[in-house]
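Structure first, then comments.
The values are calculated or read from the model by the stated rules, or taken from the named source; none is laboratory data. Computed from a predicted model, the values in this text were never measured in an experiment. Cβ placement follows ideal geometry from the backbone for every residue including glycine, while neighbour counts extend to all protein chains displayed. Side chains are part of the model used for accessible areas, which takes the heavy atoms of the whole protein and leaves out ligands, DNA and RNA. Shrake-Rupley method; radii C 1.70, N 1.55, O 1.52, S 1.80 Å.
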Amino acid sequence: MAESPRRETISEVIDALDLAPNSTYAAAFDKVGKLFDRYLGQPTTVVCAPLVGYSGITAVLSDDTAVVVVADSPSWYHRLHILCHEFAHVLLGHTPVELDAEDVVSHVAPHLTPGMVQILAGRSACEGDEDTERDAEQLADDLVTAITEHRQKTRRNNAPVPCGLTRLVDSFERPRGASA
Amino acid sequence: MKLTLFNASYLATAPVWAAILAFKMRDLRRKGWTTPALWALCLSVLAATLSSISAAPANNTLLHQLTGIVHFAVPWCYSWATLYAGSTLATVLLWRYPPARAWRSVRWIILGYSTTIVTLIALFVASYDTTRADERLTDWDIHYATTHPTVSAFMLAYITAMTVGTTAQAYQCWSASRAVRATGRVWTARTLRWFAIVPLWPLASVLVKFVVLITLWCGTTHLAPIGAAAPAISVLGSIPMAIAILLPSWGPRLARLRDSIVAWRRYHQLRPLLNVVRQTHPTSALPDRRQDVHRRLHRAVVELNDWQLALAPHRDSRVGRRAERLACEAGLTGAALTATITAAQLKAAAHYQHHDHPVGEDIPADEDQVRDGDPAEEQAAWARVARAYHSRIVDRAVASVLTETAAPLTAGHGDAAG
């Protein structure tokens, strides 16, 4: 993805997330999970579960719903990154990676049953498709970085300015050339 | 010698004030000349520049020669100093309050300080005939204050105006600084604190002068030289003023520079462990195409967490227990203890993975224990693990457990190889 549309996409996603000030990464994880419905066009369930050999899997079920399984990492920051990687595949419109259904079930059961799944993207399942994985990983990096920056920005600007100090704060915190 | 010192102290700070003025004039031009607070600030810096220049004895003589008026520098310099006090107070009020509320006070300030300046000039004129015979380049006020009531009145008017203006400015800036700091706006709070320090120097100067005047009226002349030197204190206000003017734009840049230095240090703390990961688990690594250190740190944390996940099937709780015992014996507690246990488990798991030896302890994550802190906390935790990874405690813990499992490992490996 070229730099300009990439920036636009990230900006659009950040707006769509509508993160509350002081949002945790767990809250951001929930919000990104909810975006799958809109961008994938199907009701999507996001679950954290132990995975073997994969850190994230997106699957379309036979009843036209989807499931995203994220490895149960001990860090929400990392879980968010994995989820953003899965979401990046959707944003980039990547062609699904075909995996054997039985193999998938053994990884993510009991969430999926044999014959129900079509794998869209499996993080770490990138043999022979390094460019696709790298693109998704870099977009995931950008998304997590943008979420972190948004968190920091809203944290800084969220505290209400005491009555009577708004003008003063504006004077010092406006961009250069606009300060008094 | 004395005059040289006076000249040096006043003239050395004049370029600082002039630089501040040029800096703010640039803002004034960009803003389209329509911001009253910026006008007031520029006026106060201009007043400080001119009073600083004209206070130098060398310039006193020059002004005398140019105008033909003995002691012309006295009303000239004191008028600019008074204007400085009034305009800085107006600046602060225009910053702090809505325009309607601020202008009510600013109108009184304009009236009050204009009246003071007119009064100073009138009192100087009233004293002129009796003071012109003996030119005093540095101590006109102190020298004539005890013998000329008009000079005493001149001094009292000046001291009162300066004390009111500078005290109010210091109070307004300091209280605003405290209120802004409570909202987490660190650089704005620091800027205001420096703006609160600026008026303390001219305030100290006039208070010293006032004390000297009191002692002179009481008949003591020992402090007179200090009174003459007091205005030199006020010129030091240019230093905090320069800092206060630069902080809003340069402060955040300095903070970003400091953050980058901290991030590079953190990245180098993670490098030894990252090298281990990239050798043993190359699929998680993306090339460091971007030089931004914050991006590198983000990638490092992702790779380390990916590695930890990949090693989960090889996790051996015996290693953790052994490392905990050894670490406790070594006096480690808290985060250092946790890092040592994690490092030992990772090291043993990497060894098991290399020998294709799953331990089978698939322990799901405790959802209540999942970390959700800032990236900086995550990086710090991994930096502790990286430090512990090559420690003697970890090596001993891993070696002791591997010794116990050496037979099956060796046998399994031998079978596979055979």
Using θ = phi - 60° and Karplus 6.51 cos²θ - 1.76 cosθ + 1.60, couplings along the stretch B:377-393 (whole Hz; Gly, Pro as x) | 5, 4, 5, 5, 4, 5, 5, 5, 5, 4, 5, 6, 4, 9, 7, 5, 4
Sequence-distant or interchain residues sharing an amide H contact under 5 Å with A:Thr45, placed H: which?
-> A:Ala66, A:Val67, A:Val68
Per-pair calculated FRET efficiency, R0 = 56 Å: A:Thr166 and B:Ile121 via Cβ, rounded to 0.05 = 0.90
In peptide A:145-151, how many Cβ atoms from other protein chains are near each Cβ within 10 Å, on average?
-> 2
Virtual spin-label span in nm between B:Ala100 and A:Asp131, 7 Å along Cα→Cβ | 6.5
Highest to lowest packing among B:293-300, B:273-280, B:11-18, scored as the average C-beta count within 10 Å = B:293-300, B:11-18, B:273-280
Per residue in the stretch A:69-83, which ones lose no less than 20 Å² of accessible surface when going from chain alone to all protein chains (1.4 Å probe)?
-> A:Asp72, A:Pro74, A:Ser75, A:Trp76, A:Tyr77, A:His78, A:Arg79, A:His81
Using a 1.4 Å probe, what is the accessible area per residue for chain B, in Å²?
-> 47
With the dipole of the stretch B:2-257 worked out from charges on the C-beta (+1 for Lys and Arg, -1 for Asp and Glu) around the Cα centre, which of B:Ser175, B:Pro202, B:Trp80 lies farthest toward the positive end?
-> B:Ser175
For the pair B:Ser400 and A:Ala20, what calculated FRET efficiency results from E = 1/(1 + (r/R0)^6), where r is the Cβ-Cβ distance and R0 = 51 Å, to the nearest 0.05?
-> 0.55
Average beta-carbon neighbours from other chains, 10 Å sphere, peptide B:180-188 = 5
Could you please report the charge total around B:Cys328, scoring K, R as +1 and D, E as -1 over all other residues with beta-carbon less than 14 angstrom from its beta-carbon?
-> +2
Got the relative contact order for the stretch B:161-262 handy, in percent, Cα pairs under 8 Å and 6 or more residues apart?
-> 30
Lys/Arg +1, Asp/Glu -1 at C-beta; the stretch B:237-340 dipole; positive extreme among B:Met241, B:Ala339, B:Leu311 = B:Met241
SASA check, A:Phe36, accessible area w/ 1.4 Å probe, all protein chains in place, rounded to nearest 10 Å², comes out at 0
Amide H to amide H, which residues 5 or more places from A:Leu51 or on other chains are under 5 Å from it, using H placed in the peptide plane?
-> A:Asp72
For chain B, what does -39500 (n - 2.57) per DSSP helix run (n ≥ 4), summed and divided by total residues, give at 222 nm, in deg cm²/dmol to the nearest 500?
-> -27000 deg cm²/dmol
Tell me, what is the percent relative contact order of chain B, built from C-alpha pairs under 8 Å that lie six or more residues apart?
-> 11
For the stretch B:147-267, size of Cβ-based charge dipole, Lys and Arg +1, Asp and Glu -1, in debye = 820
Largest-first ranking of B:Trp95, B:Trp201 by accessible area, probe 1.4 Å, whole protein assembly kept, is B:Trp201, B:Trp95
For chain B, built as a Gaussian network whose Cα springs stay under 10 Å, the top-fluctuating residue of B:Ile239, B:Ile69, B:Ile197 = B:Ile69
Heads up, I need the accessible area for B:Cys42: 1.4 angstrom probe, whole protein in place, Å², nearest 10.
-> 10
Sort out for me the Cα centre separation of the stretch B:221-236 from the stretch B:33-74, rounded to whole Å.
-> 19
Could you point to the residue in B:Thr160, B:Leu93, B:Trp187 farthest towards the positive end of the stretch B:2-257's charge dipole, with +1 and -1 charges on the Cβ of Lys/Arg and Asp/Glu respectively?
-> B:Trp187
What's the carbon and sulfur percent of chain B's accessible surface, probe 1.4 angstrom, rounded to a whole number?
-> 64
Is the shape of the stretch B:1-112 rounded, prolate or oblate, going by the alpha carbon gyration tensor and its root eigenvalues a ≥ b ≥ c, with a/c under 1.5 for rounded and a/b larger than b/c for prolate?
-> prolate
Any chance you could run the full-extension gain for B:Ala22 through B:Ala133? It's 0.36 nm times the residue separation minus the Cα-Cα distance, nm to one decimal.
-> 36.0 nm
Per-residue accessible area, 1.4 Å probe, largest first, puts A:Leu165, A:Leu51 in the order A:Leu51, A:Leu165
Translational D in µm²/s for the stretch B:2-257 (Stokes-Einstein at 25 °C, 0.890 mPa s, Kirkwood Rh from C-alpha pairs) = 130
Give me the distance between the Cα centres of the stretch A:35-81 and the stretch B:296-318, rounded to whole Å.
-> 19
